[in-house]
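The block underneath contains the structure these notes are about, expressed in structure tokens.
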Amino acid sequence: MKKLLVCLLAITMSVGLLACGGSNSEDLIVGTNAEFPPFEYIGDNGEPDGFDIALIKAIGEKIGRNVVIENLEFSSLVASIGTKIDVAIAGMTVTEERKLTVDFSDPYYEAVQYVIIPDGSSISAMADLEGLTIGVQLGTTGDFIVEDIAGATASQYQKAVDAVNDLVNGRVDCVIIDRNPALVFADKFAGQVVALPGSQFGFDAEFYAIAMPKGDTELANKINQALKDLKTDGTFDKLVSQYIEE
Ligand code: ARG
């Protein structure tokens with residue numbers, strides 16, 4: 001009898017374990033696009049790393065969800081929320097258009113578009129951008145800005161670094177991309193390119209937030225609370241200084 005009980009207990013426990021380990025109900029599938037340093041990039045170990053990745057993992061810990069990162073094309077992220085992925089963190093700017101299909105968490109970082117120009121170029125103001133071929137990452141706010149520049153053509157890339165490579169090769173006249181990646185690329189291609197602040201061109205401030213399924217207030221509340229907690233307990237600032245050269 002005792003043996004039977006022990007046996008039953010063992011079976012119950014292993015079924016329980018299987019249910020936990022095997023089921024992925026507690027996984028939070030997070031879409032990103034690891035082509036956007038310092039927020040997300042492929043680390044030395046071949047896995048996505050960066051500020052956003054560390055932030056969402058810290059959030060996952062706070063809300064008791066195991067974070068699984070899916071590296072996707074940036075332009076496919078919004079449409080994948082609720083199907084392929086649960087949420088997206090990708091230095092994603094809150095825009096009115098995106099808000100039609102997804103909800104956003106509280107903003108966690110302020111950004112602005114920068115203009116990367118060849119070293120020695122005379123581009124310095126909005127009027128200089130008119131009629132140019134401008135490298136952008138497909139589907140980003142930089143891409144959308146080019147639509148409003150008179151006579152300018154967007155040269156769209158899946159990977160931001162390819163736009164910068166083509167700037168160095170002379171295939172595009174400049175690149176429009178968010179401030180921190182612009183600074184990272186200017187550093188990487190030092191002597192060949194220079195990054196100019198968007199304020200010079202009249203670009204507005206943008207705010208990054210986590211994109212979530214529309215109407216999932218329970219998840220939104222949890223994520224927002226976790227964000228607040230990470231700010232008060234100092235984790236957020238620690239990650240900023242660990243990953244971002246301000
Ligand atoms: N902030 C810009 C946007 O939301 C660019 C984001 C690009 N992010 C990325 N992980 N590739 O459109």
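The values are calculated or read from the model by the stated rules, or taken from the named source; none is laboratory data. It should be emphasised that the depicted structure is a prediction, and the values quoted were computed from it without experimental measurement. In this analysis, Cβ positions are derived from the backbone assuming ideal geometry, glycine residues included, and neighbour counts consider all displayed protein chains.
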Give the residues of the range 229-246 that are exposed (fewer than 13 other Cβ atoms within 10 Å of the Cβ) and in contact (Cβ under 8 Å) with a residue 40 or more places away in the chain, sorted by residue number. 242, 245
Confirm whether residue 71 is buried (at least 17 other Cβ atoms within 10 Å of the Cβ), polar (S, T, N, Q), within 30 Å of residue 237 (Cβ to Cβ) and within 16 Å of the ligand (Cβ to nearest atom). no
Scan of the range 40-49 for residues that are within 11 Å of the ligand (Cβ to nearest atom) and surrounded by fewer than 23 Cβ atoms within 10 Å (Cβ to Cβ), ordered by number: 41, 48
Among the residues of the range 171-188, what is the count of those that are in contact with a helix residue (DSSP H, G or I) (Cβ under 6 Å, 6 or more places away or on another chain) and either away from the ligand (no atom under 16 Å from the Cβ) or part of a strand (DSSP E or B) (or both)? 4
Candidates 242, 225 - the one that is part of a helix (DSSP H, G or I) and either over 20 Å from residue 57 (Cβ atoms) or within 18 Å of the chain's Cα centre (by Cα) (or both): 242
Return the total of residues in the range 87-107 being in contact (Cβ under 8 Å) with a residue 60 or more places away in the chain and of a type in the set (Lys, Arg). 1
What is the one condition in (1) under 21 Å from residue 197 (Cβ atoms); (2) surrounded by fewer than 24 Cβ atoms within 10 Å (Cβ to Cβ); (3) not charged (D, E, K, R) that residue 164 does not satisfy? (2)
Could you pull out the residue among 117, 85 that is more than 14 Å from the ligand (Cβ to nearest atom), in contact with a strand residue (DSSP E or B) (Cβ under 9 Å, 6 or more places away or on another chain) and not basic (Lys, Arg)? 117
1 or more residues among the aliphatic types (A, V, I, L, M) and either at pLDDT 95 or above or closer than 23 Å to residue 217 by Cα (or both): qualifying helices (runs of 4 or more DSSP H) within the range 21-105: 51-63, 77-80
In the range 145-165, which residues are under 17 Å from the mean Cα position of the chain (by Cα) and not small (Gly, Ala, Ser)? 157, 158, 159, 161
Condition met for residue 112 (in contact with a Lys or Arg (Cβ under 6 Å, 6 or more places away or on another chain) and in contact (Cβ under 8 Å) with a residue 12 or more places away in the chain): yes
Hits in the range 125-170 - residues which are in contact (Cβ under 8 Å) with a residue 40 or more places away in the chain, assigned to a loop (DSSP other than H, G, I, E, B) and more than 25 Å from residue 96 (Cα to Cα): 125, 132, 170
